[in-house]
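Taking it in order: structure first as structure tokens, then the write-up.
The values are calculated or read from the model by the stated rules, or taken from the named source; none is laboratory data. It should be emphasised that the depicted structure is a prediction, and the values quoted were computed from it without experimental measurement. Glycine gets a Cβ as well: all are built from the backbone with ideal geometry, and neighbour counts include every protein chain shown.
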Amino acid sequence: MSSNVGALRLDLPVAGDRTERALIRDAQRGSVEAFEQLFRSHWPRAYRAALLVVGDAAAAEDIAQESFLAAVRALDRFDRRRPFGPWLHRIVVNRAIDWARARALRRESFSDVELEAAGEREPSAHARALAEGLALLQPEQRAVIVLRYLLEYTPGEIARLLDLPRGTVNSRLRRGLDRLQEAVRE
Amino acid sequence: MRRLFDAVPSDTEAEERAWSVVREAYAHREPVVRRRRSHIRPALVLAAVAVAVVAAALSPPGRAVVNAVRRSIGIEGAQPALFQLPSPGRLLVSGAGGTWVVAADGSTRRLGAYSQASWSPHALYVVAATANELATVAPANGQVHWQLARPAIGFPRWGGTRTDTRIAYLTGNHVHVVAGDGTGDHRLPPSARVAPAWQPETSQHVLAYVDVRGRLTIMNADRGIVARRSRPYMDVRDIAWSPNGRTLALAARDEVALFDVTTGEAHVVGVQGVRTLAFAPDGRLALLRGNGVLLVAHGRVRTLFAAPSRLAGLAWSPNGRWLLSSLPAADQWVFVQARSGHRVLAVSHIRRQFGGEPSLDGWAPEA
């Protein structure tokens with residue numbers, strides 16, 4: 001676990017009167033209830049972040065799920081003085097970027113049709129426009145936009161999460177946002 | 001912009017699927033006892049180490065260590081032996097201890113000193129191989145019907161109809177095909193060391209194999225005519241036909257490709273590192289990757305099971321309700337319920353029962 005995420009704020013309120021730190025402590029001691037509360041608190045944003053970066057519901061589910069499995073594997077080593085959300089989001093977004101890059105490199109000789117997610121709910125017009133706009137961006141641009149506007153990290157926090165210079169984050173945000181707003185307006 | 005992001009739907013079904021898998025992984029994790037900071041002087045540390053060494057020497061030799069290792073790499077609560085299969089059918093396994101048939105009630109029958117085997121299309125016979133001999137045997141008693149001596153035999157696979165069957169196998173870097181009665185053995189073009197696969201549900205003898213350039217090749221084995229050939233794939237590990245014979249799956253280093261053999265179109269599943277593929281009778285596809293089993297169904301990929309250590313081999317029960325894989329490091333077999341609930345049943349001491357680590361060669365219906 002990288003120490004440079006330690007300064008990030010806790011970005012998610014946790015249901016009930018138990019603090020996230022207490023939940024992590026109890027989960028480390030074997031409480032399924034505590035771990036489920038952590039999972040339920042963080043799943044929606046983890047899944048949506050992955051979905052917006054990769055644009056594929058099945059892949060997003062796999063990425064979010066694999067990220068939680070990584071969290072299970074590292075749970076006992078997790079320093080509960082640090083917030084859980086930024087650490088999880090770092091895994092999710094990096095895996096999503098890797099997946100999106102790999103997909104861009106894969107091209108089939110006959111066809112390059114990805115498996116479509118069955119049973120996906122009909123998205124709203126806004127969500128569809130957003131997805132179409134994000135698809136025009138590079139995976140790295142998508143990632144910083146998602147971290148900034150869905151997960152609400154500051155540019156400085158994004159820089160620390162992705163191990164990038166702050167200027168790179170700002171330029172990706174600016175260019176990505178310009179293209180995205182054009183696409184959404186259209 | 002914020003409102004747009006909030007409009008992105010979440011997926012509660014995905015959340016429930018993921019929670020069932022993550023909960024399973026959490027239940028099987030081994031909590032670590034945290035070390036407290038201390039300021040014990042070196043002399044005391046040395047004394048503590050000496051006490052620990054003495055205690056270890058006085059304990060039953062190695063048992064505690066072995067048990068601790070097994071807990072960390074295997075499934076807790078495993079049965080001490082294979083008493084029965086969780087589903088009807090007969091399981092075929094092979095390894096250093098020979099080829100065995102395991103009945104649903106857990107009884108085992110050794111067919112001979114073979115290292116690889118597979119069922120005939122209707123599970124009436126078994127084709128088995130040693131390094132230099134191919135044989136067809138009766139699963140009830142191991143009686144040999146015919147034998148064929150060939151060098152460096154690998155991956156025997158039996159396909160065809162009830163009345164006319166063919167067996168494909170590899171020798172060195174060539175695929176061979178021989179009729180089910182042992183006649184007409186002939187050699188096909190060079191092949192990679194990947195198990196060939198016969199197309200089911202067809203009156204033709206159509207064989208899929210991977211050529212030396214990594215291209216998936218579909219051939220009429222009687223006529224020697226290539227029907228389709230893919231682009232080269234890097235490091236192909238496994239291929240498998242869907243039960244209806246319409247889809248051919250290929251696992252390569254960086255991807256899994258699903259070919260519609262009618263149109264030739266390929267759909268890519270973005271999963272890297274898959275080593276083994278297995279179709280369920282209803283068409284669901286299981287992928288073995290590292291410590292995990294993934295399931296491809298209705299266009300979705302999800303993790304069905306995550307093990308504490310590396311898995312090996314996959315076999316579906318004939319009714320499609322259970323998946324069997326092996327945890328070699330823990331000397332265990334793991335049965336995972338693939339329909340609902342994701343129950344996990346583990347069995348230990350597999351090597352002792354089968355005289356070595358066996359490969360999973362197929363789970364066939366009752367005769």
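Considered as a group, the residues in the range A:52-101 that are out of contact with any helix residue (DSSP H, G or I) (no Cβ under 7 Å at 6 or more places or on another chain) and closer than 18 Å to A:LEU137 by Cα include one that is surrounded by the most Cβ atoms within 10 Å (Cβ to Cβ), and that residue is A:ASP56. Checking each residue in the range A:159-179 for being in a helix (DSSP H, G or I), at pLDDT 90 or above, farther than 15 Å from A:LEU137 by Cβ and of a type outside the set (S, T, N, Q) picks out A:ALA159, A:ARG166, A:GLY167. Residues that are buried (at least 19 other Cβ atoms within 10 Å of the Cβ) and either of a type in the set (Phe, Trp, Tyr) or farther than 26 Å from A:PRO139 by Cα (or both) within the range A:35-51 comprise A:PHE35, A:GLN37, A:LEU38, A:PHE39, A:TRP43, A:TYR47, listed in sequence order. For B:GLY62, the conditions (1) at positive phi; (2) at pLDDT 65 or above are fulfilled apart from (2). Restricted to the range B:248-328, the set of strands (runs of 3 or more DSSP E) holding at least 3 residues that are not small (Gly, Ala, Ser) comprises B:256-260, B:266-269, B:274-279, B:285-289, B:292-297, B:300-306, B:322-327.
Is it the case that some residue within the range B:258-272 is over 21 Å from A:VAL54 (Cβ atoms), within 14 Å of chain A (Cβ to nearest Cβ), surrounded by 17 or more Cβ atoms within 10 Å (Cβ to Cβ) and hydroxyl-bearing (Ser, Thr, Tyr)?
Start the filter on the range B:258-272 by keeping residues that are over 21 Å from A:VAL54 (Cβ atoms), which leaves B:259-265.
Applying the additional criterion that residues be within 14 Å of chain A (Cβ to nearest Cβ) yields B:259-265.
Then keep just the ones that are surrounded by 17 or more Cβ atoms within 10 Å (Cβ to Cβ); that gives B:259, B:261.
Now drop any that are not hydroxyl-bearing (Ser, Thr, Tyr), which leaves none.
Checked the range B:258-272: no residue is over 21 Å from A:VAL54 (Cβ atoms), within 14 Å of chain A (Cβ to nearest Cβ), surrounded by 17 or more Cβ atoms within 10 Å (Cβ to Cβ) and hydroxyl-bearing (Ser, Thr, Tyr).
Restrict the check to the range B:96-110 and report whether at least one residue is basic (Lys, Arg) and under 22 Å from B:TRP316 (Cβ atoms). Checking the range B:96-110: at least one residue is basic (Lys, Arg) and under 22 Å from B:TRP316 (Cβ atoms).
For the range B:303-327, the set of residues classified as out of contact with any Gly (no Cβ under 8 Å at 6 or more places or on another chain), crowded, with 19+ Cβ neighbours inside 10 Å and under 16 Å from B:ALA96 (Cβ atoms) consists of B:GLY313 only.
Residues that are crowded, with 22+ Cβ neighbours inside 10 Å and touching a residue at least 24 places away in the same chain (Cβ under 8 Å) within the range B:207-216 comprise B:LEU207, B:ALA208, B:TYR209, B:VAL210, B:LEU216, listed in sequence order.
Kindly indicate whether any position in the range B:226-234 is free of Cβ contacts under 8 Å to residues at least 40 places away in the same chain, among the aromatic types (Phe, Trp, Tyr) and not in a loop (DSSP other than H, G, I, E, B). No, the range B:226-234 contains no residue that is free of Cβ contacts under 8 Å to residues at least 40 places away in the same chain, among the aromatic types (Phe, Trp, Tyr) and not in a loop (DSSP other than H, G, I, E, B).
Considering every residue within the range A:58-79, establish whether at least one is over 24 Å from A:ALA96 (Cβ atoms) and either part of a loop (DSSP other than H, G, I, E, B) or facing chain B (nearest Cβ under 10 Å) (or both). Let's see the steps before the verdict.
Pass one, the range A:58-79, residues over 24 Å from A:ALA96 (Cβ atoms): A:76, A:79.
Subsequent filtering for residues that are either part of a loop (DSSP other than H, G, I, E, B) or facing chain B (nearest Cβ under 10 Å) (or both) retains A:76, A:79.
There is at least one residue in the range A:58-79 that is over 24 Å from A:ALA96 (Cβ atoms) and either part of a loop (DSSP other than H, G, I, E, B) or facing chain B (nearest Cβ under 10 Å) (or both).
Selection within the range A:139-185: residues that are more than 14 Å from chain B (Cβ to nearest Cβ) and either more than 27 Å from A:PHE84 (Cα to Cα) or among the aromatic types (Phe, Trp, Tyr) (or both). The member of this set that is surrounded by the fewest Cβ atoms within 10 Å (Cβ to Cβ) is A:SER171. Looking only at residues that are β-branched (Val, Ile, Thr) and crowded, with 18+ Cβ neighbours inside 10 Å in the range B:143-170, which one is farthest from B:GLY112 (Cα to Cα)? Among them, the one singled out is B:THR165.
Okay, residues lined up against (1) at the interface with chain B (Cβ under 7 Å from one of its Cβ atoms); (2) within 20 Å of B:LEU304 (Cα to Cα); (3) part of a helix (DSSP H, G or I); (4) modelled with pLDDT of 85 or more:
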site	(1), (2), (3), (4)
A:TRP43	yes, yes, yes, yes
A:TYR47	yes, yes, yes, yes
A:ARG90	no, no, yes, yes
A:ASN94	no, no, yes, yes
A:ARG101	no, no, yes, no
A:GLU120	no, yes, no, no
A:LEU130	yes, no, yes, no
